[in-house]
1. Need one number: nm distance between label points at A:Ala136 and B:Val35, each 7 Å from Cα along Cα→Cβ, rounded to one decimal.
2. Suppose each label sits 7 Å from its Cα in the direction of the beta carbon; what would the B:Met133-B:Glu60 distance come out to in nanometres?
3. If you take every residue apart from B:Phe9 with its C-beta less than 13 Å away from the C-beta of B:Phe9, what net charge results, scoring Lys and Arg +1 and Asp and Glu -1?
4. Just want the ordering: A:Leu105, A:Leu84, A:Leu111, from fewest to most Cβ atoms lying within 10 Å of their own Cβ.
5. Hull surface divided by four, with the convex hull built on the Cα atoms of the protein assembly as shown: how many nm²?
6. Work through the residues other than A:Arg104 whose Cβ is under 14 Å from its Cβ and net out their charges, Lys, Arg +1 and Asp, Glu -1.
7. With only Lys, Arg, Asp and Glu charged, each at its Cβ (+1 for the first two, -1 for the last two), find how big the charge dipole of chain B is about the Cα centre; round to the nearest 20 debye.
8. Under a Cβ-only charge scheme (Lys and Arg +1, Asp and Glu -1), can you give me the dipole magnitude of the protein assembly as shown about the Cα centre, in debye to the nearest 20?
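Just so it is clear, none of the values below were taken in a lab; they were calculated from the coordinates. Model, not experiment: these values are computed from the prediction. Heads up, the Cβs are rebuilt from the backbone with ideal geometry, glycines too, and the neighbour counts pull from every protein chain shown.
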Amino acid sequence: MVSLTSRFAALGRAPRAHAGPGESSSPRLPWPLPIAPTLLIAGVITYGWWRAVHQQLVPMPGVPNDPRIAATLATLARLAGNGLEAAFYVLSWRAFGHRIPFVRLYAWITLLSGADLFAFEMRQHFLDTRGAVPVAAAIVSGIGGLPGSWLPRAFHVAFASTGLLTLARIAFTARAQTLATGVALGRTLAFTGATWLLTHLALGFGYALLQGRSVPGLP
Amino acid sequence: MNRHIERLFGCMAMSLVLALVAGMGAWWWIDRAIVYERPRWDEASFEAIAESRAARTAAETWVVAVNPACTHCMAGMAALADTLGSAPGAPRLFALVVDTAARPARRSLSHPRLDGVFWDREGVWRARWGHRMYGEILRFDAAGDWIDVPRGG
């Protein structure tokens, strides 16, 4: 196991000459913004997610209980998801011999989720006002706004956020890891992109299993 | 914490994600390999809860798969029944109660627009057809053959 983990460490070696395998990098990840603006913007984004979910649930007939409670639970689940994502990167980079401060990375990921929120709101805006998302807007906000794609329906839903804003979010998440570890951006980008791809693939498998042979797209 | 233990935890986190994806993928692959029957509307396959109305002439039969415990899909079915016209040529509308061990009460599924309510006692919808989403509408032609292109889809 020791030799295995050493090999892992070599994969994530920083380009600096003194950062050899087994050497932990000192925490260098700055806060994305000063603390007060970080908290303020994180609060706005969190409220934005709550509002977005609430607006989705209100017109749905038969939603049990108060939609506000469902929206609150969904928002808490999203915050927990951000925490899981940050914890995964923190733990994974420890396998490579690097330390990332969890709370700072969590702050980065929470703020970067604003890109996802913006993409979601953009898609909804076009769907509400025009009934469809133009292709150019879908390229920015994600393919979920399009009625379909060459992907099977379950995977189209799982990869709904695939667009330039999501690519930017992945790039900035990778950038944060580069700042924290000193590892080249290409490697952190590959790692973050692969993580995103795999988790969304698992999501697609899950949706497909839930759907079975049921015909999607019906009311 | 010991550095090697930290690395071990890191390897475990990555392995967990890989195992999750591989496991879900394998499950999906196995599920896709199962050959299910093509749905076919045959009233004899199900148990009538409410008497089927006198046969109306309709080009299509719409069957909504509902579970009484799913308030959302029950409300969706009621909304569909409210908006679906009943003029000659409009589809016949049936409710198919699925995934229910006990015979459902008739009053919980009464709607004037419904042409009939059936109970999927044998689990045909899930086990033989492979369908899983409550609230879905299954469209059949006059002969009972499934129309697999959804309206607007």
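1. 5.0 nm
2. Reported label-point gap for B:Met133 and B:Glu60 is 1.6 nm.
3. Summing Lys/Arg as +1 and Asp/Glu as -1 gives +3.
4. On the way: A:Leu105 26, A:Leu84 13, A:Leu111 22.
Final ranking by Cβ density, sparse to dense: A:Leu84, A:Leu111, A:Leu105.
5. 22.4 nm²
6. In short, +2.
7. Using Cβ point charges on Lys, Arg, Asp and Glu, chain B gives about 320 debye.
8. 1220 debye
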